[in-house]
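Here's the structure we're looking at; comments come further down.
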Amino acid sequence: MLGKVALIGRQAALAAGAVMRQNYHKPQRVTLKGAIDPVTETDYQAQETIVAIIRQAFPDHDFLAEERQREGGGPAPAEPGAGLAWETDPPRCRWIIDPLDGTVNFAHGFPMFCVSIAFEAEGKLLYGVVYEPLRDELFEAQKGQGALLNGQPIRVSRTDRLERALVATGFPYDIRKRLPETTARLGRVLGAVQGVRRAGSAALDMCYVACGRLDGFFEENLKPWDTAAGLLLITEAGGRLTTFDGGEYDIYSPNILASNGVLHGKLLHCLKG
């Protein structure tokens with residue numbers, strides 16, 4: 001089945017990317033889910049495109065998607081412990097979708113956004129695809145099969161010195177509530193590495209770690225749809241992921257450090273302070 005999953009996931013990502021290209025630079029109706037957390041018409045249109053393609057091929061599969069947290073009816077899923085559906089009975093097959101990662105960028109015409117789609121069965125991530133439509137870059141990974149960029153194998157970087165490392169980060173939508181600790185953490189990393197980038201798409205940051213453009217990435221308060229595909233891509237490309245305290249990372253963790261593996265311990269030291 002995984003071959004069909006990859007085919008349909010790829011098709012859905014490309015179709016959603018076409019929606020973004022078509023709508024890019026067009027006027028957008030923007031609403032706010034939070035103080036600085038927008039959603040556009042294109043978010044909804046891209047998600048409807050993705051779900052329609054997947055549902056036609058796999059009518060019995062479940063969805064966890066950003067803009068309507070659960071497609072297909074029933075209560076929305078949540079992090080373990082929230083008391084909602086799937087806490088003890090996860091779906092057999094589920095697609096985890098961010099239809100437009102980088103909505104703030106898209107709404108401002110800043111060219112850094114993508115679609116991110118992951119597939120899991122029995123709670124295990126098996127396939128991930130991230131498509132960046134403006135550069136026409138398709139990142140894919142299947143569990144145990146490596147990671148690809150436009151069909152070519154990719155690997156994490158070999159950078160082994162922090163002072164030569166290029167690292168990315170992002171700021172949570174509730175940054176105003178956690179500004180001191182976030183900026184202090186950023187300052188420690190800035191003082192140790194060659195450069196830090198904040199481009200505004202966690203999924204693409206993770207892809208760039210996977211293909212060696214970045215040596216590391218860290219952020220807090222991300223959601224499952226932000227990191228599910230990227231997690232598999234980095235793992236399959238030879239990288240490492242943990243939480244800020246060095247614990248095992250999963251898509252419900254409160255924070256994430258991803259790296260080429262070689263620099264992981266040094267970056268953890270910076271984050272811990």
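So that you can scan it fast, the table gives a plain yes or no per residue for (1) buried (at least 17 other Cβ atoms within 10 Å of the Cβ); (2) farther than 24 Å from Phe58 by Cα; (3) modelled with pLDDT of 95 or more:
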{"residue": "Ala82", "(1), (2), (3)": "no, yes, no"}
{"residue": "Asp98", "(1), (2), (3)": "yes, no, yes"}
{"residue": "Met112", "(1), (2), (3)": "yes, yes, yes"}
{"residue": "Phe119", "(1), (2), (3)": "yes, no, yes"}
{"residue": "Gly128", "(1), (2), (3)": "yes, no, yes"}
{"residue": "Leu138", "(1), (2), (3)": "yes, no, yes"}
{"residue": "Asn150", "(1), (2), (3)": "no, yes, yes"}
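Contact map, region 137-153: first residue in a strand (DSSP E or B), second residue of a type in the set (Lys, Arg), Cβ cut-off under 9 Å, separation 6 or more or different chains; pairs are Leu138/Arg10; Glu140/Arg10; Ala147/Arg155.
In this entry, Val167 passes the filter for residues that are touching a helix residue (DSSP H, G or I) at 6+ places or on another chain (Cβ under 8 Å) and in a strand (DSSP E or B).
Every test in (1) closer than 18 Å to Leu241 by Cα; (2) of a type in the set (Ser, Thr, Tyr); (3) not in a helix (DSSP H, G or I) is passed by Tyr208 save one, and that test is (3). Can you say whether Gly195 is modelled with pLDDT of 95 or more, within 27 Å of Glu120 (Cβ to Cβ), not assigned by TED's automatic domain parsing to the domain that holds Phe63 and not basic (Lys, Arg), as far as the supplied structure shows? Judged against the criteria, Gly195 is not a match.
The values are calculated or read from the model by the stated rules, or taken from the named source; none is laboratory data. Keep in mind the model is a prediction, meaning the values are calculated, not measured. Note that each Cβ is placed from the backbone with ideal geometry, even for glycine, and that neighbours are counted across all protein chains shown.
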